[in-house]
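Below is one structure, written out as structure tokens, with a few remarks after it.
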Amino acid sequence: MPPRPPAASTLADLRAVVGRAAALDAIADVAPYVEDFRGLYHGTTPLVLLPASVEEVARILAICDRDGVAVVPQGGNTGYCGGATPHEHGAEIVIAMRRLNRIRAVDVANDSMVVEAGCTLAAVQDAARAAGRLFPLSLGSEGSAQIGGNLSTNAGGTAVLRYGMMRDLTLGLEVVLAGGRILRSLQPLRKDNTGYDWKSLFIGAEGTLGVITAAALKLFASPADTATALAGVPSPAAALDLLMRLREHFGEAISSFELLPRRAVELTVGLVDGVANPLADDAAPWFVLVEIGVSRAVTDPTGRLGEALASAADSATLSGAVLATSAAQAQAFWKLRESVPEAQRRHGASLKHDLSVPISAIPRLIDLGTALIARLVPDGETIAYGHVGDGNLHFNVSQKPGTDRAAFLARQAPLQAAMFDLTASLGGSFSAEHGIGRLKVEELERRTDPVELELMRALKRTLDPKGIMNPGKVLR
Ligand code: MLT
Ligand code: ZN
């Protein structure tokens, strides 16, 4: 039986916490909050609340706990797995975090900052830049994605190779628990061995254990200079060979190493304004976008990258390469890469698989996965691209034009199972950086070690005994 919608008196109490202007209930006002970014889930809600302080979040969760009302925390609503979308039954309220958007502190000497969950990732990067530092998480959706969502999904992106994922970039958290208690642990310490690392539990928990309201984050020195290149390579194996060569030259100065198939480049150039292929004359089936960031001690990184690429070309590891000669050109290369998901969205429906394997298994994953898709999805085409330097591929399938959308989408379940089996056989993970949300709940149940699953359930029961925190996401 679906849960009952909240009582009118509960809704009135919740509205009173944030004030009329920050409590949305008209259909047109709640519409942006009840559908996910990919248009896969269409929920309903009687109320969207926009709290402006951690105390307001605490009062909301106290009321929800008292009256047994479920909540769905939401950031920029750019997730791929439906984790921030309410269910169809209309009994859940949405807490949208965008008004909790202050940069609370930047401590340059300590290389840290404290920011609220509703700050966009771009605003966090800007605040770090204004202080002469770098916050390195970088994603195509950074203009709308919020840091609370990045934390809740343990987001990755294009600089993980050098700086790690969101969990690696976090020093402390402030979290509101079910019931309204506030867990404050925002000390920006790099060393703190005082018991369990509880903050790690909330990162990647997708709002199922509590609502993250602020975080203490790590900052870094901005590279004094960067070099960016796009190279054409004959195969994924050649791309890995290139990565190994570049590692020898540049070590950890490689911040990004992204792989794009020719089809992704063609689609993106065709469907997104202002995107060009700087290697248009290169017939390569695959492209690699590489970025190096160096300290002042290293001069002329572009020249050095050029030399490294030239020596790789001599041994047929690459067919051609173009080096960015200005910041604008580097940005244009990045626009090509970061517009791939948008191009896929404009092209039609897609089936997404966010897979990671040991880097050495990438060529095999691409070969076997492509063959699997050709067999199971005759109305789709493989677009496998992404963060190959991290062993993470977005093994996506785009619907072929003129085919039936519903029939295509219905292939998700059997294809996903086969792709995840393949990934497991290569020692990989079926959720690299996008999370579980609603999309992969059954798979998580099926594929997770029973002891691990029981531990997760026990934690959920302890922190959320009434099951009101984003129910049906991650666990059911
Ligand atoms: C990206 O890296 O572009 C996104 O995480 C991936 C996607 O669209 O699957
Ligand atoms: Zn990605």
Quick check on this structure: which one of Ala155, Ala128 is surrounded by 22 or more Cβ atoms within 10 Å (Cβ to Cβ), within 15 Å of ligand 1 (Cβ to nearest atom) and under 20 Å from Gly172 (Cα atoms)? Ala155
Residues satisfying the stated conditions in the range 139-188, i.e. part of a strand (DSSP E or B) and within 18 Å of Phe257 (Cα to Cα): Gly157
Among the residues listed as Val115, Val48, Val108, Val57, the single one being open to solvent by less than 20 Å² (accessible area, probe 1.4 Å) and farther than 28 Å from Leu439 by Cα: Val115
For the range 95-112, which positions are part of a loop (DSSP other than H, G, I, E, B) and in contact with a helix residue (DSSP H, G or I) (Cβ under 9 Å, 6 or more places away or on another chain)? Met97, Arg99, Leu100, Asn101
Of the residues Phe257, Phe333, Phe287, which is of a type in the set (Phe, Trp, Tyr) and over 28 Å from Ile373 (Cα atoms)? Phe333
Qualifying residues in the range 333-343 (those that are part of a helix (DSSP H, G or I) and open to solvent by less than 20 Å² (accessible area, probe 1.4 Å)) - the one farthest from ligand 1 (Cβ to nearest atom): Phe333
Within the range 407-444, considering residues that are aliphatic (A, V, I, L, M) and in contact with a Cys (Cβ under 8 Å, 6 or more places away or on another chain), the one modelled with the highest pLDDT: Ile436
Consider Ile383 carefully, then state whether it is surrounded by 23 or more Cβ atoms within 10 Å (Cβ to Cβ), in contact (Cβ under 8 Å) with a residue 24 or more places away in the chain and either more than 22 Å from the chain's Cα centre (by Cα) or more than 16 Å from ligand 2 (Cβ to nearest atom) (or both). no
Expected output for the range 334-345 (first residue within 16 Å of Phe287 (Cβ to Cβ) and in contact (Cβ under 8 Å) with a residue 40 or more places away in the chain, partner among the hydrophobic types (A, V, I, L, M, F, W, C) and assigned to a helix (DSSP H, G or I), Cβ below 6 Å, 6+ apart or cross-chain) is Val340/Ala264; Ala343/Leu267; Ala343/Leu271
Leading residue by the ranking (surrounded by the most Cβ atoms within 10 Å (Cβ to Cβ)) among those in the range 404-427 that are within 17 Å of Asn392 (Cα to Cα), touching a residue at least 12 places away in the same chain (Cβ under 8 Å) and more than 16 Å from ligand 1 (Cβ to nearest atom): Leu422
Considering only residues that are surrounded by 24 or more Cβ atoms within 10 Å (Cβ to Cβ) and within 12 Å of ligand 2 (Cβ to nearest atom), look in the range 393-403 and name the one that is farthest from Ala432 (Cα to Cα). Phe395
Selection count where residues are assigned to a loop (DSSP other than H, G, I, E, B) and buried (at least 18 other Cβ atoms within 10 Å of the Cβ), scope the range 344-378: 5
Checklist (1) away from ligand 1 (no atom under 16 Å from the Cβ); (2) open to solvent by less than 10 Å² (accessible area, probe 1.4 Å) applied to Asp168, failing item: (2)
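The values are calculated or read from the model by the stated rules, or taken from the named source; none is laboratory data. The structure displayed is predicted, hence computed values, not measured ones. Cβ atoms come from the backbone with ideal geometry, glycine included; neighbour counts cover every protein chain shown. Please note that ligands, DNA and RNA were not included when accessible areas were found on the heavy atoms of the full protein model with its side chains. Shrake-Rupley method; radii C 1.70, N 1.55, O 1.52, S 1.80 Å.
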